[in-house]
Structures are given as structure tokens and as C-alpha cells.
Amino acid sequence: MDIIVCLKQVVDPELPVRDFAIDPSTKRQVRDGRPLVISTYDENALEVALQLKDAGGARVTALTLGPQSALGDAVRLALAMGADEAVVVDDPRGPDLLGIEKVGILAAAVRRVGRFDLVLCGCESADWVERAVPPLLAEAIGAACVTFATRVEAADGGLLVRRMADDGFHQVEARLPAVVAIASDEGNRPRLPKVKDIVAAKRKPVQTWPVGDLGVPSVGEGALGVEVREVVVPQRTARCEFVEGEPAEQASALLRRLQDLKLL
Amino acid sequence: MAGICVVAHALDGTLGRSSLELVGAARALDAGLGLGMAAALLGHGSHLAEATDVLQHHGVTAIYRVDHPLLTAGQTDAALAALESIFQRAAPQVVLVSADTVGRELAPRLAHRMAAALVTEAVELGVEDGVITARRQVYGGRAIATLVVTKRPAVLSVKPRALDVPEPKPATATIEDVAVAIDAGALPTRVREVLREQADVGLEDAQIVIGGGRGMGGPDGFKLLEELAALLDGAVGASRPPADAGWVPISWQIGQTGKTIRPALYIAVGISGATQHIAGASGARTIVAINHDPEAPIFSMAHLGIAGDYREVVPALIAKVKELKGR
Ligand SMILES: Cc1cc2nc3c(=O)[nH]c(=O)nc-3n(C[C@H](O)[C@H](O)[C@H](O)COP(=O)(O)OP(=O)(O)OC[C@H]3O[C@@H](n4cnc5c(N)ncnc54)[C@H](O)[C@@H]3O)c2cc1C
Ligand SMILES: Nc1ncnc2c1ncn2[C@@H]1O[C@H](COP(=O)(O)O)[C@@H](O)[C@H]1O
């Protein structure tokens, strides 16, 4: 099976809130000086690809769209985890593009990679959380689509996918080619590369394609149809009232407060 | 067709609450845009008549209804085919979709097919000078983005439980049954099985929710939370680490990736208060935090706090609630 994993590089989403700031000119998060990581669920997606490779053999290509200058660590980690090769689509605007703007670029890159049965993505990017790229990409390359999947198996020439649902799971059969977006669960926790993997990763092929070479016309503002007007950080106003004392006293006092508030 | 179309569905049997949340949003948009509103109703069998009544009861005056045996739980491809048939007859300018299991696959795909503008996961919609604005959470709930929709058609998906169900507004709708041919063999995906996880009180509907985090230390800690929740007629949820570790079902996860809850009372136990978790719980009217670290960020979001070890505090609470309820 030929698998492409779409990886987005983001500012570490679990940085303390004090390190978070919005740049008013780009209306996006300030990236300078912040550690960059592979977007959380994209690592789970890569893990799913590597498990399919372990189970039945597969060629795994990591694909990322962003400013080439900054992508080193993400690409090296993906190769060290076990991806066979990597493609970087170099676009300085990469981190700021909305789903509709970047899907044409990602689709062109997938086609240029050429061989693919399965494209794996994260279920949501950790920064913009649009949940848009996987279904858009499926449409653009004419593939089946399943999102919020936690497990993927090859079955009967297609896939059997376990998808999170509101009150449980769906077992979904999907044809190939397919785009599947992955959410985390106990079975797809990303593996940690060993030292020898990190060394071996240095010899794996990385191709860089300037975005202009893909020949995708840029989506004009009017055609996009959505403008980001502002991005604001809400102020939190809650003031916590601590209930003091020994556990039994704390418990009584808390219940009394909740009764006062008519919550019990 | 009217200019605003709500995608309402009864794929899971009954009309979901989120379909009514969309009706509320459409009513508000229509007041600002004056385009008129309609609903596309998808499902199969006897439930559709009941769903039709509920939509009319909430002010929907035009319903395009598709009844097909493939329009059941999780069947995104069948739903997409049905909507395409409806929209070929009458093209709406604004389509509202709930970002539920099917809707989060459906909305971007529909937008692509309609060459429409796309906003996903909105938590608020409005109209300013005849233009639609949408707000959504970004950066793990650390910021709110305001998007302006400058094009028609537009497909907007709305996060379930972000909006209120509107007041009833009884109306009589014109109902058009749209015949749709869906070739089962041609659909790229098919739901083979639906696996439901039992819960006594649905997390999203509970008035009291108790959430456990990594600080619970394992599945046993959650037994205590379940005991307390049962006494309070509440539901138990979790942060991501317990769900990822398999201590609790993934459907219990509250937060950006998990569920959005809006209870009267949320008690967060052994949860540090990451923005991605609070993103799903900030609609709680009162938040109580129990955490042994008095510096944990959760205390800057909670209204009431107990700095202590849950292994002492929760049993004490259980004992006091039993006293209170005379059990
Ligand atoms: C893209 C993305 C999406 C995410 N989506 C979600 C989501 O949907 N939901 C979610 O919850 N998280 C989500 N997260 C993860 C989130 O960032 C945090 O990592 C997570 O919420 C932390 O969970 P926690 O508070 O249980 O664990 P921790 O941060 O490890 O906190 C555990 C807390 O327990 C306390 N504690 C330990 N022992 C005890 C004890 N005996 N008694 C009392 N207190 C104790 C500790 O003091 C600590 O504060 C997401 C992250 C990303 C990047
Ligand atoms: N710039 C990018 N490069 C590669 N993959 C991306 C990029 N942006 C989004 N994706 C993929 O699409 C998924 C969903 O992103 P989003 O639609 O932004 O929530 C991510 O988890 C990635 O797998």
C-alpha cells in the first residue's frame, strides 16, 4: 500500500498561555521563538501509517506544506519515526492559509507524489482547528473520506475504519483511494524514535518543491469568500473561592455553597 | 428554495437536538438577511413524520424531505447524494450544517461541490450590514476568530451544543418529498456496524457533570466519580489523557476534540485546566475544581475550588451527599 501522511507544523499547542500571542498584522499566532512541533493528531496519523506498514508492508511518504526554512525538525522526526521519504511544499504563507486555500496545493502535491492508496491526516490541526482539509482533499483527489477515525485496517481490497461517533463508534468500510483523518486513542500513541532511527533518518530522501512549481493558481480573495476579520484573546474573569479545612469540612462547605447556588 | 437551508437529519432515528440549534441560527440569520429559510430533512421511515412536526413546531415553513433506506446512522455519502439532489432543484445561498459525526465530513465536501465559501465549527453566527459573520475557537480555545463571509453560496457548520434550542414558533410548512436514487454499490463508504456505548445520563444533556483527569491515576479513580455522579443524577466525563489511555471510553472526552457540555455544574477533578479541555466546558454555569496543586490553571477558571487530594475529598463528598439525601 502507498500511504501519504499530511503533517502540519504548528507552534507547540501545549505551551503555557503566557507564551501565546496574536500578531495583529497577520491575525495569526506569533511563531517567532516558539517551539514548533508536528500538529498533535498528525503524529497519531503517522503512527497509524507505520502500523499498517508493520502489518502488511507499505511505503509511507510524509507531506507538509509550510515555509521550508522552518520545517526541518518536523520532517526529521517523521522520518525517524519510520516514514520512508518526505516531501516539503515550500510556501512561506503555509501556516496562515485556510483550508479552501491550501487544498488545491495539497491535492497537486499528492498527485505529483503519484502513487497513493491512502492519505492520512490529523482529525484537526492543533492551531486553527478547522477540520476542513481532510474532507476537502478527499473531494479534490476523488477519494473516499472518513474523519475522526481511531483505527484503520486493510480489508477486502479496501479499509475497515473505526470512527468516533457521538455515542460510541461506527465501523465504516471505505474504498481506496481514501482520505482518513485520525483522532488519538490508546492504540495509536506515536512511537518514540530510537537513536539509530534518528541516524538512519538523515539518509532518507527529502524533496522540496517550491509551491510555484506545482502550477496551482492561487485562490483570489473573492473566490475564497471568507476573511479573517480579527482574532482576539478573551479575558478570563472568574475568581475562584477556595473552600478550606479538612476534607470532611471542605465537603460540607462545598455542598452548602452549591445548595445556596441552587445547584443541588 | 428559500435562501437559507438548514440540513436537518434523523439519521440516528430521531431529529437530533443539533438540527434545532441550526433552526434557531437560521431564524436569526433570516431576520438579518431576509432570504427566507427552509430545511432539508434526511432520514428513513416513520421517524420522518415526527421530525417534520418538530421542525414545523420550531418555525420551519418549507421542508424538502428525502426518505431513503440508506439514510441511517453515519451514512455521510448517502446524505451527500441526497443533498446534492435537493440542491440541484433549488440552490440555496446559505447552507447550515451541524458539525456532528456526519456533518463534519459533509460540510467541507458540500462546499467543495458547490464551489461555496466554507466556515467550519462556528460557535456564533451573526449578520452585520447584510454580511454573515461567524465566530469560532482557534488555538486550542486560547483565542476567538471572527470570520466574515463575503461570498454566496456559503456552507457554514456549527459546533453542536454551542447554540441554544430556539423557542417553539408553530408554523405550517410546505412539504416536498424529493425522490432520490442512491446507488448503494457506488457509495465510497458504508457503515457496517454502529457500536453504542451505554450511558445512564448523556454527558451533553446532564445538568451536573463530573470530569476526571490524568490526576485520577487510573480507571479505579473513575469508580469514585461514578458513585458521586449517580448520587447527584449527573454524568461522568474526562479530559483527554484518561480517554487516550483507555481508562474511560473516548466518548466521555470533554474538550476541543471531545464533547461540548453546558451543565449547570461542572466538577473538574484531577484536571489541570488546559485551554483545550476548558474549550468544551466553558459553557458550564458553575465550575468547581478539585486539584491537589493550588497553582493549577484550573483554579483561574473555576468559581469554587478545593485544593486537596481527590482520594480524600471525593469520598468525603460522597459521604456528605449521602447524608444530605438520607441514603
Ligand atoms: C489539538 C489538541 C486537542 C486537544 N483536545 C483535548 C480535549 O478535547 N480534551 C482535553 O481534555 N484535552 C485535550 N487536549 C489536551 C490538553 O492540552 C491537555 O494536555 C489535557 O487536557 C490535560 O489533561 P489533564 O488536565 O487531565 O492532565 P494534566 O495536565 O496532567 O493534569 C493533571 C492534574 O491532576 C492533578 N492531580 C494529580 N493527582 C491528583 C490527586 N491525587 N488529587 C487531585 N489532583 C491531582 C495535578 O495537580 C494536575 O493539575 C488537546 C490538546 C491538543 C494539542
Ligand atoms: N499545511 C499543512 N501541511 C500538511 N498537512 C496539513 C496542513 N494543514 C492541514 N493539514 C492536514 O489536515 C489536517 C486537518 O487540518 P485542519 O483542517 O486545519 O483542521 C491536519 O491535521 C493535517 O493532517
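The values are calculated or read from the model by the stated rules, or taken from the named source; none is laboratory data. It should be emphasised that the depicted structure is a prediction, and the values quoted were computed from it without experimental measurement. Note that we place each Cβ from the backbone using ideal geometry, even for glycine, and neighbour counts take in every protein chain shown.
When the residues of segment A:181-209 are narrowed to those that are in contact with a strand residue (DSSP E or B) (Cβ under 8 Å, 6 or more places away or on another chain) and of a type in the set (D, E, K, R), which ends up farthest from the other protein chains (Cβ to nearest Cβ)? Steps first, answer last, please.
Taking segment A:181-209 as the starting set, the residues that turn out to be in contact with a strand residue (DSSP E or B) (Cβ under 8 Å, 6 or more places away or on another chain) are A:181-185, A:187-188, A:204-209.
Then drop every residue that is not of a type in the set (D, E, K, R), which leaves A:185, A:204.
Working: A:Asp185: 6, A:Lys204: 29 Å.
In this case the residue turns out to be A:Lys204.
Within segment B:182-190, can one find any residue that is more than 16 Å from ligand 1 (Cβ to nearest atom), more than 30 Å from B:Glu124 (Cβ to Cβ) and buried (at least 23 other Cβ atoms within 10 Å of the Cβ)?
There is at least one residue in segment B:182-190 that is more than 16 Å from ligand 1 (Cβ to nearest atom), more than 30 Å from B:Glu124 (Cβ to Cβ) and buried (at least 23 other Cβ atoms within 10 Å of the Cβ).
Check B:Gly270, B:Gly255 and return the single one that is of a type in the set (Gly, Ala, Ser), within 16 Å of ligand 2 (Cβ to nearest atom) and within 24 Å of A:Arg189 (Cβ to Cβ).
Details: B:Gly270 fails: within 16 Å of ligand 2 (Cβ to nearest atom).
The conditions single out B:Gly255.
Can you name every residue in segment A:11-20 that is without any contact (Cβ under 8 Å) to a residue 24 or more places away in the chain and either in a loop (DSSP other than H, G, I, E, B) or touching a strand residue (DSSP E or B) at 6+ places or on another chain (Cβ under 7 Å) (or both)?
Going residue by residue through segment A:11-20, those that are without any contact (Cβ under 8 Å) to a residue 24 or more places away in the chain are A:14-19.
Listed by number, the residues that qualify are A:Glu14, A:Leu15, A:Pro16.
Taking segment B:225-244 as the search range and keeping residues that are within 11 Å of ligand 1 (Cβ to nearest atom) and in contact (Cβ under 8 Å) with a residue 24 or more places away in the chain, which one is nearest to the other protein chains (Cβ to nearest Cβ)?
Keep residues of segment B:225-244 that are within 11 Å of ligand 1 (Cβ to nearest atom), which gives B:237-244.
Applying the additional criterion that residues be in contact (Cβ under 8 Å) with a residue 24 or more places away in the chain yields B:237-242.
Numbers: B:Gly237: 13, B:Ala238: 13, B:Ser239: 12, B:Arg240: 7, B:Pro241: 10, B:Pro242: 10 Å.
Checked segment B:225-244; the qualifying residue nearest to the other protein chains (Cβ to nearest Cβ) is B:Arg240.
Looking at A:Ala178, is it closer than 27 Å to B:Arg109 by Cα, more than 7 Å from chain B (Cβ to nearest Cβ) and either touching a Pro at 6+ places or on another chain (Cβ under 7 Å) or not acidic (Asp, Glu) (or both)? Steps first, answer last, please.
Numbers: closer than 27 Å to B:Arg109 by Cα: yes; more than 7 Å from chain B (Cβ to nearest Cβ): yes; either touching a Pro at 6+ places or on another chain (Cβ under 7 Å) or not acidic (Asp, Glu) (or both): yes.
Spelling it out, A:Ala178 is indeed closer than 27 Å to B:Arg109 by Cα, more than 7 Å from chain B (Cβ to nearest Cβ) and either touching a Pro at 6+ places or on another chain (Cβ under 7 Å) or not acidic (Asp, Glu) (or both).
Given the conditions (1) out of contact with any Phe, Trp or Tyr (no Cβ under 7 Å at 6 or more places or on another chain); (2) in contact (Cβ under 8 Å) with a residue 12 or more places away in the chain; (3) more than 10 Å from every other protein chain (Cβ to nearest Cβ); (4) not aromatic (Phe, Trp, Tyr), report the number of the one that A:Val110 does not fulfil.
Result: A:Val110 fails condition (1) only.
Does B:Ala111 satisfy the condition of being out of contact with any Cys (no Cβ under 6 Å at 6 or more places or on another chain), closer than 16 Å to A:Gly225 by Cα and not β-branched (Val, Ile, Thr)? First the steps, then the outcome.
On the way: out of contact with any Cys (no Cβ under 6 Å at 6 or more places or on another chain): yes; closer than 16 Å to A:Gly225 by Cα: yes; not β-branched (Val, Ile, Thr): yes.
Judged against the criteria, B:Ala111 is a match.
Could you name every one of the strands (runs of 3 or more DSSP E) located completely within segment B:92-158 that has at least 3 residues being at pLDDT 95 or above and surrounded by fewer than 20 Cβ atoms within 10 Å (Cβ to Cβ)? Full working, then the answer.
On the way: elements: B:94-98, B:117-122, B:124-128, B:131-138, B:143-149, B:154-158.
Where strands (runs of 3 or more DSSP E) fall fully within segment B:92-158 and carry at least 3 residues being at pLDDT 95 or above and surrounded by fewer than 20 Cβ atoms within 10 Å (Cβ to Cβ), they are B:124-128, B:131-138, B:143-149.
Can you tell me which residues in segment A:193-249 are small (Gly, Ala, Ser) and surrounded by fewer than 16 Cβ atoms within 10 Å (Cβ to Cβ)? Before the answer, list the steps.
To start, the set of residues in segment A:193-249 that are small (Gly, Ala, Ser) comprises A:200-201, A:212, A:215, A:218, A:220, A:222-223, A:225, A:238, A:245, A:248.
Result: A:Ala200, A:Gly212, A:Gly215, A:Ser218, A:Gly220, A:Gly222, A:Ala223, A:Ala238, A:Gly245, A:Ala248.
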